[in-house]
Amino acid sequence: RRSTALVFFVPWCEGYLKDSQPEASAQCRSVREQADDLAAKGRVRLVGVASGLWTNRADVEAYKTKNRVAFPVALDSSGDLFRAFRVTRSPTVVILGPNGRERRRLTGVDVGDFSRVVARS
């Protein structure tokens, strides 16, 4: 009955890009914070999909612990999910309807206020 938001991201984005690409780092942080807020409200099912690029399971666990991530996160070590959903930029949010079909995709600057979009889905 609920929509699902797949949040595709790179765990090292916030820290590694903080000095070299501060806008990208801030965008990554904003998406994580919005996803945590949505997860707490329970109106939509959220699943994080972490890129396996320069990332392993321990990195994902450290990211979740450090940032107190409130939603499940899967490591896409093979890149299969990123390819299956045609994700080429991070972060990207793919909103699936209750039937599992893609309803909306947000990437780049569009993810700025994705929680508002997800709440209406």
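The values are calculated or read from the model by the stated rules, or taken from the named source; none is laboratory data. None of the values given here were measured: they were computed from a predicted structure. Glycine also receives a Cβ, built like all others from the backbone with ideal geometry; neighbour counts cover every protein chain displayed. The area values use the complete protein model at the heavy-atom level, side chains included, leaving out ligands, DNA and RNA. Shrake-Rupley method; radii C 1.70, N 1.55, O 1.52, S 1.80 Å.
Quick notes on this structure:
- Carbon + sulfur, % of accessible area of the chain - ligands and nucleic acids excluded, 1.4 Å: 48
- Averaged over its residues, region 13-121 has an accessible area of 60 Å² per residue, based on protein heavy atoms and a 1.4 Å probe.
- Once both labels are positioned 7 Å from their Cα atoms along Cα-to-Cβ, the gap between T88 and A62 label points is 3.1 nm.
- Close amide-amide hydrogen proximity is noted between V49 and V7, F8, F9, A74, each under 5 Å apart and 5 or more residues distant or on a separate chain (H modeled in the peptide plane; Pro and chain starts excluded).
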